[in-house]
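Below is one structure; the comments refer to it alone.
The values are calculated or read from the model by the stated rules, or taken from the named source; none is laboratory data. What you see is a predicted model; the values in this text were computed from it and never measured. Positions of Cβ are generated from backbone atoms using ideal geometry, with glycine treated the same way; all protein chains shown enter the neighbour counts. Quick note on the areas: whole protein, heavy atoms, side chains included, nothing else; ligands and nucleic acids left out. Shrake-Rupley method; radii C 1.70, N 1.55, O 1.52, S 1.80 Å.
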There are 2 protein chains.
Amino acid sequence: MNPIGNLNKIFESRIRLGVMSVLMVNEEVSFNDLKQMLEVTDGNLASHLSTLEESAYIKVHKGFIGRKTNTTYSITKAGEKAFKGHLAALEAMIKFSS
Amino acid sequence: MNPIGNLNKIFESRIRLGVMSVLMVNEEVSFNDLKQMLEVTDGNLASHLSTLEESAYIKVHKGFIGRKTNTTYSITKAGEKAFKGHLAALEAMIKFSS
DNA sequence: CTTTTAACTTTGATGGACAAAGTGCTTTTC
DNA sequence: GAAAAGCACTTTGTCCATCAAAGTTAAAAG
């Protein structure tokens, strides 16, 4: 059967994949840290983040460090579930290919 | 470090990913079998196949079954290497996310 | 011969990725 | 306290990719 039938369309983008993967291991990550880890422009990152937010896979927290604004992102339950599902589909595909 | 830095751009498409994954386990696969396994339109499949061919990741054999034409596809050495590299990058990302 | 099948190519619409520039707010530096 | 810089975007515009649908060519089946 179809080895790619269970892949999630949202995670076809390498950047969104990267965001999710970072947020799986770090409870909260700032915009700037994501930007540096993934080596993308801020505009590009922002648009992928908003795609993920619209899918309810991540959520935003606008906080402060002292008096300075600090926006952080974290994964939602739904996001964790969806991402794990995607990883399982990838693993199945990898297993299929060996 | 960047968890997605080693992903191969060619394999960001689910269909190309599927083609490669099928060709990893089957020596030769016909156009029609690919089409059915991946559930895509023929035009769409053809264009992805030609992308993979231009990257020298797959090669085409135009043969016959009796007198009837039969086109099959197979993976190249370079394709196998590139795909394995991509799978390793995916696995690294998955490991990173857990 | 007409229809069907295979394996495409062409066409055209849609949408996504991306960089660059602009924005508003705040903080730091001189 | 004015200027510069940083943060977290939004807007704009370009380019490219995806995809379906229709057209094409050749061969085979009915």
Residues from the range A:1-15 losing no less than 30 square angstrom of accessible surface in the full protein assembly compared with the chain alone, 1.4 angstrom probe, ligands and nucleic acids excluded, are A:ASN2, A:PRO3, A:ILE4, A:LEU7, A:GLU12, A:ARG14
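What pairs from A:LYS84/B:LYS35; A:LYS9/A:LYS62; A:LYS62/A:LYS84; A:LYS35/A:LYS62; A:LYS84/B:LYS77 go past 22 Å between their alpha carbons? Write down the numbers at each step before the final one.
Working: A:LYS84/B:LYS35 28 Å; A:LYS9/A:LYS62 28 Å; A:LYS62/A:LYS84 26 Å; A:LYS35/A:LYS62 17 Å; A:LYS84/B:LYS77 31 Å.
Check vs 22 Å cut-off fails for A:LYS84/B:LYS35; A:LYS9/A:LYS62; A:LYS62/A:LYS84; A:LYS84/B:LYS77.
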Dividing the helical contributions, -39500 (n - 2.57) per DSSP H run of n ≥ 4, by the residues of chain B yields a 222 nm value, nearest 500 deg cm²/dmol, of -17000 deg cm²/dmol
A:VAL25 label points, 7 Å along Cα→Cβ, one per copy: pairwise distances from this copy to the rest in nm, shortest first? 2.9
What accessible area, summed over both chains, is buried at the A-B interface (1.4 Å probe, Å², nearest 100)? 2500
Give the nm distances, rounded to one decimal, from B:LYS59 to the matching residue in every other copy, measuring between label points 7 Å along Cα toward the beta carbon; shortest first. 5.5
With the 1.4 Å probe rolled over protein heavy atoms, the range B:1-82 has an accessible area per residue in Å² of 57
Shielded residues, the range B:70-98 - accessible-area loss of 50 Å² or more between chain alone and all protein chains, probe 1.4 Å: B:LEU87, B:MET93, B:ILE94, B:PHE96, B:SER97
Rounded tilt (10° steps) of B:42-54 against the dominant C-alpha axis of chain B: 70
What does the net charge come to around A:PHE31 if you take all other residues with beta carbon closer than 13 Å to its beta carbon, with K and R at +1 and D and E at -1? -1
When the scattering of the range A:9-92 is computed by the Debye formula from its Cα atoms alone, each counted once and equally, what is log10 I(q)/I(0) at q = 0.11, 0.15, 0.23 Å⁻¹? -0.28, -0.50, -1.13
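How charged is the neighbourhood of B:HIS61? Take every other residue with its Cβ under 11 Å from the Cβ of B:HIS61, and add Lys/Arg as +1 and Asp/Glu as -1. Write down the numbers at each step before the final one.
Working: positive: B:LYS59, B:LYS62; negative: B:GLU27, B:GLU28.
Overall, the nearby charge balance is 0.
When only Cα pairs under 8 Å and 6 or more residues apart are kept, what is the percent relative contact order across chain B? Don't skip to the answer; put the middle values down first.
Working: 96 pairs, mean separation 32.9, N = 98.
Result for chain B is 34 percent.
Please state the charge dipole magnitude for the protein assembly as shown, taken about the Cα centre, from unit charges on C-beta atoms (+1 on K and R, -1 on D and E), reported in debye and rounded to the nearest 20. Show your work: numbers first, answer last.
Numbers: 24 positive and 20 negative charges, 4 e Å.
Charge dipole, the protein assembly as shown, about its Cα centre: 20 debye, nearest 20.
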Top of B:VAL19, B:VAL40, B:VAL29 by mean-square fluctuation, Gaussian network on chain B, Cα under 10 Å: B:VAL40
Considering only protein heavy atoms and a probe of 1.4 Å, how much of the accessible area of the range B:9-96 is carbon and sulfur, as a whole percent? 51
Defining the label point at 7 Å along Cα→Cβ, can you sort the distances from A:ASN6 to the same site in each other copy, shortest first, in nm? 2.5
Obtain the nm distance between the two label points defined at A:PHE96 and A:ALA56 by a simple spin-label model: each point lies 7 Å from its Cα along the Cα-to-C-beta direction. 2.8
For the protein assembly as shown: span of alpha carbons on each principal axis (Å, largest first): 78, 27, 27
